[in-house]
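Here's the structure we're looking at; comments come further down.
The values are calculated or read from the model by the stated rules, or taken from the named source; none is laboratory data. Note that this is a predicted model, so its numbers are computed, not measured. Because the Cβ atoms are built from the backbone with ideal geometry, glycine has one as well, and the counts that use them run over all protein chains shown.
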């Protein structure tokens, strides 16, 4: 307890620095979830994708990141064992942030799309199990996260496969692809508008709704999503009807025109996913930071919820943007180009499938990694063209990086925890 009163300002400053570093890692690695398919399909250049992502990620993190956050992320550890020694939780959270940030920086440099959520969860589990004991960890929650490695990529892969195959059967494999695109694409536009509106309301604006600033019931959310879907479909139908069909043009030209329609859709879905991601995953950086600030400010008292100091959300938002600008292109290239060849229609199928899986997961309480969801969706699109369409070497590296994220996060966190204990003289 003396540690907290004596070194309170230093602990908060250290947590702020490593919290920014963690947010930087989230921007460098996770933002590819929103923009990777758009870049890979040539719907956006890497420069355009980074600029758009910077705007929507910052908006999501700063405007809808939440005024209050759970002291313990995802309920992964029990705070009760830390009550006699709150300094352990403070040093542990700083260790977890630093450990997860280091791993994200390494993975981003290598171009590996890993889960930022799993990185911080592994780090928190590491210091808690080592510093206090195995009983401090909610192992059922950890088991659910490990199970999600299989469930979420499989679910998003199946959805992406079905969306892509339906587009192939209804549009691309027909005699008149552009004519059929005019007929069926408005249905895909409705689906995109509906799913993206739900993602924005349920995930992107979740914290605003919870705080009472915006009161939307579950039924109302679906009503607004249906209206958004209809509006997008009607606007899309109007613009598609303006496309002139040249009867003398070859099928390749028709294909290109259809792909241009899907490219526009992809940009819209990418913006919504970036906003939702910024609002949600910024908590992986600011949650542990807010816990440190809360414990120090309350003289060692551990509260279940922590109000955010005015500077915490901007720090997380700027960190995400900085990481995206400096390192984001590496993981974007892996998802966009490394796994399989993407066109706008394939990328759209993957993006829509990932968003649909996020909605299903949020409704069922399934623990989810947006990274694994999107990678699974891209794999599903690739599998629709046969296993030869996949770069199995890249897929292997990605799967290995997923498996080692939790243990590496835990190991790094334990090392950081031991160093901090020695620095601050904690027994």
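Going by what's in this entry, would residue 94 be described as in a helix (DSSP H, G or I), within 30 Å of residue 339 (Cβ to Cβ) and modelled with pLDDT of 85 or more?
Judged against the criteria, residue 94 is not a match.
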Response to the item:
Of (1) surrounded by 17 or more Cβ atoms within 10 Å (Cβ to Cβ); (2) in contact (Cβ under 8 Å) with a residue 60 or more places away in the chain; (3) over 24 Å from residue 12 (Cβ atoms), residue 260 fails just (1)
Worksheet entry | Of residues in the stretch 97-109 being surrounded by fewer than 24 Cβ atoms within 10 Å (Cβ to Cβ) and in contact (Cβ under 8 Å) with a residue 40 or more places away in the chain, the one farthest from residue 336 (Cα to Cα) | 102
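Among the residues of the stretch 112-122, is any assigned to a helix (DSSP H, G or I), surrounded by fewer than 24 Cβ atoms within 10 Å (Cβ to Cβ) and touching a residue at least 24 places away in the same chain (Cβ under 8 Å)? Steps first, answer last, please.
Start the filter on the stretch 112-122 by keeping residues that are assigned to a helix (DSSP H, G or I), which leaves 116-122.
Adding the requirement that they be surrounded by fewer than 24 Cβ atoms within 10 Å (Cβ to Cβ) leaves none.
No; the residues of the stretch 112-122 include none that is assigned to a helix (DSSP H, G or I), surrounded by fewer than 24 Cβ atoms within 10 Å (Cβ to Cβ) and touching a residue at least 24 places away in the same chain (Cβ under 8 Å).
Just one of 34, 53 is at pLDDT 85 or above and either assigned to a helix (DSSP H, G or I) or out of contact with any strand residue (DSSP E or B) (no Cβ under 7 Å at 6 or more places or on another chain) (or both); which is it? Break it down stepwise before answering.
On the way: 34 fails: at pLDDT 85 or above.
Only one candidate qualifies: 53.
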Discussion item. Show the residue pairs meeting these rules: Cβ distance below 6 Å; 6+ apart or different chains; first residue within the stretch 212-227 and closer than 14 Å to residue 200 by Cα; second residue modelled with pLDDT under 70 and part of a helix (DSSP H, G or I).
Written reply: 214/208; 216/209
Item to complete: Need at least 3 residues that are buried (at least 18 other Cβ atoms within 10 Å of the Cβ), on the phi < 0 side of the Ramachandran plot and in contact with a strand residue (DSSP E or B) (Cβ under 9 Å, 6 or more places away or on another chain) per element, so show me which helices (runs of 4 or more DSSP H) inside the stretch 330-427 make the cut, counting only ones lying wholly within it.
Response: 370-383
